[in-house]
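Have a look at the structure below before the remarks.
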Amino acid sequence: MGSINIVELWSQMGGIAKGVVVILALMSAWSISVMIERWLTYRQARKQSRLFTPAVAEALKDGKIEEAIALGEQYNKSHLAKVLVSGLQELQAHAKSKEIPGETLEASRRALDRATAISIEDLKRGLSGLATIGATAPFVGLFGTTIGIINAFQGMKTEETAGIAAVAGGIAEALVTTAFGLFVAVPAVWAFNIFTNKIETFTVEMDNSSSELIDYFLKRRSEGRG
């Protein structure tokens, strides 16, 4: 079985098929860069959150809101820190008091909701592009396939023969663009699904942390009234 000669296949391709391959190559390069950047972002968020969570819990246990905010600024890549700091800043004025007004708690709750929404959008950055590439790359490859088949029939017409030599170039061109389209699309779809699941996990963690923070201050306020 002979090996595939990429250079020879490229030289035999028509201009449109080469354009399709170039477009697919650019789509692949962009999707790979997004995959790497998102993977590093999520990895750093998870790593810093594991360090931030016990540290901020200890600070809040002692009522040290300013220290908790400082920790959030220190671990600024953590998705949990970004959310909790926004709520803590609303409560900073009552750091040394157990009597927390209801409107302050409500303002903190709204700040937590806003920060969660902003963090989710930040975590989603680039994923829509991956979804688009995963959905469209096979069709871009299919366009190249169609052009290759047309060229094959044109070759048959020109040569006035149905021999394999007349259609080989067009068929090879069609198969290359099809294969390349799938090669670009499949990793993009996999990455999109994996990252979407990670974002869902991060969202649950942020919602839980926000609720726990509000519960903590509600408990603290009830203790102050007791």
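Take residue 67 and decide whether it is among the acidic types (Asp, Glu), free of Cβ contacts under 8 Å to residues at least 60 places away in the same chain and touching a helix residue (DSSP H, G or I) at 6+ places or on another chain (Cβ under 6 Å).
yes
Among all positions in segment 175-190, there is no residue which is modelled with pLDDT under 70 and surrounded by 15 or more Cβ atoms within 10 Å (Cβ to Cβ). Restricting 36, 69 to those that are in a helix (DSSP H, G or I), at pLDDT 90 or above and aliphatic (A, V, I, L, M) reduces the list to 36. Name the residue, out of 114, 109, that is part of a helix (DSSP H, G or I), open to solvent by 40 Å² or more (accessible area, probe 1.4 Å) and at pLDDT below 90. Within the list 114, 109, the selection yields 109. Take the residues of segment 26-60 that are without any contact (Cβ under 8 Å) to a residue 24 or more places away in the chain and farther than 19 Å from residue 198 by Cα: which is most open to solvent (accessible area, probe 1.4 Å)? Restricting to residues being without any contact (Cβ under 8 Å) to a residue 24 or more places away in the chain and farther than 19 Å from residue 198 by Cα, the top hit is 26. Go through segment 77-96 and count every residue that is in contact with a helix residue (DSSP H, G or I) (Cβ under 8 Å, 6 or more places away or on another chain), more than 17 Å from residue 55 (Cβ to Cβ) and either open to solvent by 20 Å² or more (accessible area, probe 1.4 Å) or modelled with pLDDT of 90 or more (or both). Number satisfying all stated conditions: 6.
The values are calculated or read from the model by the stated rules, or taken from the named source; none is laboratory data. This one's a predicted model, so the numbers in the text were calculated from it and none came from an experiment. Every residue, glycine among them, receives a Cβ derived from its backbone with ideal geometry; neighbour counts consider all protein chains shown. Keep in mind that these areas ignore ligands, DNA and RNA; they rest on the heavy atoms of the full protein, side chains included. Shrake-Rupley method; radii C 1.70, N 1.55, O 1.52, S 1.80 Å.
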